[in-house]
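Worksheet: the structure to be examined is printed underneath.
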Amino acid sequence: MAAIHQQNAITRRLDRLVEMWEAFREESGALLCRWLVAADEYSMVEAFYEREASEGGLTPDVFLRFDTPFKDMHSYGGALRQAFIGMVEEDRELLQEEGIDLAWQAGAAPQAQHNSQLLSLEMAAFARQNPLVEDLMVAYLSPGTNEDVYAWVEWLMDAVAAGAPPNVRWMVVDTLAHPIFDQLAELYPQKVKTIRPELDMPAAMRELAAAGNPAEPGVQYRMAFVALTQAVGKQNWTAIEQHAKEALHIARENQWPHLMSSIHITVGNAEMSAGKNEEALMSYRKAEAVSEQAWKAGDAVCGKLLVQALFGQGAVYIAQQQHEQAAKIYAKTGQLAEEIKDLHYAMEAWRMAGYAHEWDKWWDDARQAYEKALAAGMQLDESMRPHTTLPYIGDALIRACLKSGHSPRATEVEHLMQQEIGDDWQKKLTR
């Protein structure tokens, strides 16, 4: 049953996505739904999936996300099938606790024309034996890692050509900035349907920001800050200056140092992206001054903002090839991040300090910085470590050890990387 929900700028747009999905599923012969989105619409498709995959979904379809890594065309279909079986077994235990017994059992892999059908045939069989499935089974394909995007697109072409049972659909997200499925859509216009949402997310953000009493400082600040971020997106420097000044005035009048710092960092990031390095450095220093004063007065949020402001300064110095100054700033950032117990920022700051030293061939200084980056990274949760920059830190530390006359330590780090990341850890490095 459709959930009753409050309407606002976001839920109205989610409902529009549901309408677009309903139109897709009614199209004869449609197999793959391709959402073609602007950068600010991507999160809305994610929200659409999350809602429709939950009990509060508005459609009768069963949505499943497959973030199965894509390694090659030959193994992907089998990996998807195994991921689906794993999902079912996990749900089976939960449903049994509620008194629902799933009759379906995975057997031998079905005979398939293409390995994509290893998943689609299994999903169709599951649907036939499961009274909880009212209509379609939808596989949202979103590889967590993708070793060959072009091969993945080719795999999808073969999958669409091979077809799928009538109660199975594929779903992918493509971006307007870097579309990869144009050829797929052109080759199979009946089977592949492109949906361009055109949600006008800037208008949604303005509407949300304006919600409430317009005389309230919080509402006024939200409106000014949203206007600032939209001006940043358009690189309209006159508007950026105007809205930053408005937002800063409100934040200063109400003694909101964390918001003052956020404004300076936002402007600094925009200036950095546009190559305005000196201006960016000034903005980051303003953020540093505001954040440091508030942090020392006990504002924990400003401690994190202070780290970001310092990190921004380091990036400017790197861009200007002032590596000695960059190393000093990143070392200061690493020490601060350790103090506020932000291990990820500590790891990245010490890594960048090592990188700056390495540029100047100060190998022992680089080695010491990379050691501190490694120490911070090893304090992260074990499951997170392979998905961070830890392989790069290990590689850089080995290089610095060899250059600075610490060969035994280089061997130790090599073994540590194999233990933590895997024997193929160096394959995770992209130059």
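Set side by side, the residues Gln321, Gln293, Gln325, Gln335 differ, and just one is outside any helix (DSSP H, G or I) and either surrounded by fewer than 20 Cβ atoms within 10 Å (Cβ to Cβ) or in contact with a strand residue (DSSP E or B) (Cβ under 8 Å, 6 or more places away or on another chain) (or both), which is Gln321. Do we have any residue at all in segment 382-402 that's assigned to a loop (DSSP other than H, G, I, E, B) and either within 12 Å of Trp350 (Cβ to Cβ) or outside the structural domain of Ala353 (by TED's automatic domain parsing) (or both)? Yes, because at least one residue in segment 382-402 is assigned to a loop (DSSP other than H, G, I, E, B) and either within 12 Å of Trp350 (Cβ to Cβ) or outside the structural domain of Ala353 (by TED's automatic domain parsing) (or both). The residue that is nearest to the chain's Cα centre (by Cα), among those in segment 388-415 that are aliphatic (A, V, I, L, M) and surrounded by 17 or more Cβ atoms within 10 Å (Cβ to Cβ), is Leu390. Among the residues in segment 230-239, are any touching a helix residue (DSSP H, G or I) at 6+ places or on another chain (Cβ under 7 Å) and modelled with pLDDT under 90? The answer is yes; a qualifying residue exists.
Per the conditions (1) at pLDDT below 90; (2) closer than 14 Å to Arg196 by Cβ, the sole criterion not satisfied by Leu36 is (1).
Which one is nearest to the chain's Cα centre (by Cα) among residues in segment 137-151 that are hydrophobic (A, V, I, L, M, F, W, C) and buried (at least 18 other Cβ atoms within 10 Å of the Cβ)?
Narrowing segment 137-151 to residues hydrophobic (A, V, I, L, M, F, W, C): 137-139, 141, 149, 151.
Adding the requirement that they be buried (at least 18 other Cβ atoms within 10 Å of the Cβ) leaves 137-139, 141.
Values: Met137: 25, Val138: 22, Ala139: 20, Leu141: 15 Å.
Step by step, filter segment 137-151, then rank; the result is Leu141.
Check segment 169-177 and report whether any residue there is farther than 30 Å from Ala127 by Cβ, surrounded by fewer than 19 Cβ atoms within 10 Å (Cβ to Cβ) and not assigned by TED's automatic domain parsing to the domain that holds Phe126.
From segment 169-177, those farther than 30 Å from Ala127 by Cβ are 175-177; that's our starting set.
So of that shortlist, the ones also surrounded by fewer than 19 Cβ atoms within 10 Å (Cβ to Cβ) come out as 175-177.
When the remaining residues are screened for being not assigned by TED's automatic domain parsing to the domain that holds Phe126, the result is none.
Taking every residue of segment 169-177 in turn, none turns out to be farther than 30 Å from Ala127 by Cβ, surrounded by fewer than 19 Cβ atoms within 10 Å (Cβ to Cβ) and not assigned by TED's automatic domain parsing to the domain that holds Phe126.
Take Glu288 and decide whether it is within 29 Å of the chain's Cα centre (by Cα), assigned to a helix (DSSP H, G or I), under 23 Å from Gln325 (Cα atoms) and without any contact (Cβ under 8 Å) to a residue 24 or more places away in the chain. Spell out the reasoning first.
On the way: within 29 Å of the chain's Cα centre (by Cα): yes; assigned to a helix (DSSP H, G or I): yes; under 23 Å from Gln325 (Cα atoms): yes; without any contact (Cβ under 8 Å) to a residue 24 or more places away in the chain: no.
Judged against the criteria, Glu288 is not a match.
Would you call Thr266 among the polar types (S, T, N, Q) and closer than 30 Å to Asp200 by Cα? If you could, list the steps in order and put the result at the bottom.
On the way: among the polar types (S, T, N, Q): yes; closer than 30 Å to Asp200 by Cα: yes.
It is true that Thr266 is among the polar types (S, T, N, Q) and closer than 30 Å to Asp200 by Cα.
Gly275: assigned by TED's automatic domain parsing to the domain that holds Leu380 and either in contact (Cβ under 8 Å) with a residue 40 or more places away in the chain or under 19 Å from Trp237 (Cα atoms) (or both), yes or no? Criteria not met by Gly275.
The values are calculated or read from the model by the stated rules, or taken from the named source; none is laboratory data. This is a predicted model, so every value here is computed, not measured. Heads up, the Cβs are rebuilt from the backbone with ideal geometry, glycines too, and the neighbour counts pull from every protein chain shown.
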